[in-house]
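K.L.:
Handing you a structure now.
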Amino acid sequence: MPEPLALGVLLSGSGTNLQALIDAIAAGTLDARIAVVISNVPDAGGVARARRHGLPTVVLRHGEMPSREAYDARVVETLREHGVDLVVLAGFMRLVTTVLLRAFPARVLNIHPALLPAFPGLHAERQALVHGARITGVTVHFVDEETDHGPILAQAAVPILPDDTEEKLHVRVQRQEHRLYPFAIQLIATGRVRVDGRRVLLRDAACAIDAVLANPTPPAT
Ligand code: GAR
């Protein structure tokens with residue numbers, strides 16, 4: 001049996017995406033192990049969650065570091081100490097630098113709560129609502145030097161409903177995040193992913209080519 005993929009999960013928030021990874025590993029649908037959880041926020045819900053599950057957990061406060069690069073050098077050191085293969089940003093609310101990206105080339109993933117390139121940056125669900133979009137969603141992508149920009153591995157669409165608030169939409173977006181992130185990482189764990197410039201080539205990944213999410217939904221013809 002090949003060694004499971006060793007994940008280093010970086011987070012700043014409640015860690016529901018970390019939980020989805022923990023659950024998928026326990027269910028046997030993700031051939032990986034969580035080698036370390038790193039947070040820049042000591043009292044993040046995700047830190048407590050990681051500790052509750054007995055995962056190695058390291059808090060690296062950014063205030064103590066002279067620069068972003070110095071911070072990322074500590075992150076890289078910690079990831080290497082724990083033998084990490086793939087870096088998984090799961091609500092890590094910091095811009096990463098080339099120090100991390102060069103240490104893990106094409107090995108840093110992020111999840112973003114919108115269909116990139118629409119609505120990058122903070123408060124993506126709020127941006128989609130304010131814009132009046134009717135469909136938004138979730139993107140899992142490789143991280144590059146620009147924010148929410150790197151090659152796209154997987155996306156899921158989520159309709160915006162007339163009575164949506166940011167909170168209601170966030171709940172539905174997160175439900176899709178929790179399905180999509182473990183699945184996307186499993187594609188990597190099973191060697192089915194190759195990055196070719198901006199395009200991510202997938203081997204043996206299904207796509208329902210006639211599936212469409214339209215909002216509003218036209219009558220069936
Ligand atoms: C997720 O919704 C993720 O998409 C978002 O932070 C949330 C973390 O939730 N990330 C970004 O907006 C990055 N641009 P969680 O702590 O419950 O996993």
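K.L.:
Would you check if Thr217 is under 27 Å from Leu86 (Cβ atoms), among the hydroxyl-bearing types (Ser, Thr, Tyr), in a loop (DSSP other than H, G, I, E, B) and open to solvent by 50 Å² or more (accessible area, probe 1.4 Å)?
P.N.:
It is false that Thr217 is under 27 Å from Leu86 (Cβ atoms), among the hydroxyl-bearing types (Ser, Thr, Tyr), in a loop (DSSP other than H, G, I, E, B) and open to solvent by 50 Å² or more (accessible area, probe 1.4 Å).
K.L.:
Going through the stretch 139-188 one residue at a time, which ones are part of a strand (DSSP E or B) and within 12 Å of the ligand (Cβ to nearest atom)? Give the steps one after another, and end with the answer.
P.N.:
Of the residues in the stretch 139-188, the ones part of a strand (DSSP E or B) are 139-142, 152-159.
Within the stretch 139-188, Thr139, Val140, His141, Ala156, Val158 qualify.
K.L.:
Would you check if His123 is more than 23 Å from Asp23 (Cβ to Cβ), open to solvent by 60 Å² or more (accessible area, probe 1.4 Å), in contact with an Asp or Glu (Cβ under 8 Å, 6 or more places away or on another chain) and of a type outside the set (A, V, I, L, M, F, W, C)?
P.N.:
yes
K.L.:
Which pairs do you get when a residue that is on the phi > 0 side of the Ramachandran plot and near the ligand (Cβ under 9 Å from one of its atoms), found in the stretch 9-30, comes within reach of a residue that is open to solvent by less than 10 Å² (accessible area, probe 1.4 Å) and not aromatic (Phe, Trp, Tyr), reach meaning Cβ atoms under 6 angstrom, with the pair 6+ apart or on two chains?
P.N.:
These pairs meet every condition: Gly15/Gly46.
Yes/no matrix, rows are residues, columns are (1) among the aromatic types (Phe, Trp, Tyr); (2) surrounded by 17 or more Cβ atoms within 10 Å (Cβ to Cβ); (3) over 16 Å from His170 (Cβ atoms); (4) at pLDDT 95 or above:
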{"site": "Leu95", "(1), (2), (3), (4)": "no, no, yes, no"}
{"site": "Thr98", "(1), (2), (3), (4)": "no, no, yes, yes"}
{"site": "Val108", "(1), (2), (3), (4)": "no, yes, yes, yes"}
{"site": "Gln127", "(1), (2), (3), (4)": "no, yes, no, yes"}
{"site": "Val130", "(1), (2), (3), (4)": "no, no, no, yes"}
{"site": "Gly137", "(1), (2), (3), (4)": "no, yes, no, yes"}
{"site": "Phe142", "(1), (2), (3), (4)": "yes, yes, yes, yes"}
{"site": "Pro151", "(1), (2), (3), (4)": "no, yes, yes, yes"}
{"site": "Ala157", "(1), (2), (3), (4)": "no, no, no, yes"}
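K.L.:
So, in the stretch 110-120, of the ones that are among the hydrophobic types (A, V, I, L, M, F, W, C) and out of contact with any strand residue (DSSP E or B) (no Cβ under 6 Å at 6 or more places or on another chain), which residue ends up surrounded by the fewest Cβ atoms within 10 Å (Cβ to Cβ)?
P.N.:
Going through the stretch 110-120, the residues among the hydrophobic types (A, V, I, L, M, F, W, C) turn out to be 111, 114-116, 118-119.
Checking the rest, the ones that are also out of contact with any strand residue (DSSP E or B) (no Cβ under 6 Å at 6 or more places or on another chain) come to 118-119.
On the way: Ala118: 17, Phe119: 24.
Going through the qualifying residues, I end up with Ala118.
K.L.:
So Gly191 ticks every box in (1) assigned to a loop (DSSP other than H, G, I, E, B); (2) over 22 Å from Phe119 (Cβ atoms); (3) modelled with pLDDT of 95 or more; (4) open to solvent by 60 Å² or more (accessible area, probe 1.4 Å) but one. Which box is left unticked?
P.N.:
(4)
K.L.:
Also: Collect the residues in the stretch 108-127 that are more than 11 Å from the ligand (Cβ to nearest atom) and touching a Phe, Trp or Tyr at 6+ places or on another chain (Cβ under 8 Å), keeping them in residue-number order.
P.N.:
Once the filter is applied, which keeps residues that are more than 11 Å from the ligand (Cβ to nearest atom) and touching a Phe, Trp or Tyr at 6+ places or on another chain (Cβ under 8 Å), the stretch 108-127 yields Val108, Leu109.
K.L.:
Quick check, is Ser39 within 11 Å of the ligand (Cβ to nearest atom), polar (S, T, N, Q) and either surrounded by 19 or more Cβ atoms within 10 Å (Cβ to Cβ) or over 29 Å from Gln176 (Cβ atoms) (or both)?
P.N.:
On the way: within 11 Å of the ligand (Cβ to nearest atom): yes; polar (S, T, N, Q): yes; either surrounded by 19 or more Cβ atoms within 10 Å (Cβ to Cβ) or over 29 Å from Gln176 (Cβ atoms) (or both): yes.
So Ser39 fits the description; yes.
K.L.:
Pairs needed: first member in the stretch 172-197, free of Cβ contacts under 8 Å to residues at least 12 places away in the same chain; second member anywhere, open to solvent by less than 40 Å² (accessible area, probe 1.4 Å); C-beta distance under 9 Å; at least 6 residues apart or different chains.
P.N.:
If the second residue must be open to solvent by less than 40 Å² (accessible area, probe 1.4 Å), the pairs left are Arg175/Val158; Arg194/Val200; Asp196/Pro151.
K.L.:
Filter the stretch 49-66 down to residues that are open to solvent by less than 50 Å² (accessible area, probe 1.4 Å) and farther than 24 Å from His123 by Cβ and give me whichever is nearest to the ligand (Cβ to nearest atom). Steps first, answer last, please.
P.N.:
Looking only at the stretch 49-66, we keep the residues that are open to solvent by less than 50 Å² (accessible area, probe 1.4 Å), and these are 49-50, 55, 57-60, 65.
The next check asks that each one be farther than 24 Å from His123 by Cβ; those that pass are 50, 55, 57-60, 65.
Numbers: Ala50: 11, Leu55: 14, Thr57: 14, Val58: 17, Val59: 15, Leu60: 17, Met65: 21 Å.
So, considering only residues that are open to solvent by less than 50 Å² (accessible area, probe 1.4 Å) and farther than 24 Å from His123 by Cβ, the one nearest to the ligand (Cβ to nearest atom) is Ala50.
The values are calculated or read from the model by the stated rules, or taken from the named source; none is laboratory data. It should be emphasised that the depicted structure is a prediction, and the values quoted were computed from it without experimental measurement. Cβ: placed from backbone, ideal geometry, glycine included. Neighbour counts: every protein chain shown. With ligands, DNA and RNA removed, areas are computed over all heavy atoms of the protein, side chains included. Shrake-Rupley method; radii C 1.70, N 1.55, O 1.52, S 1.80 Å.
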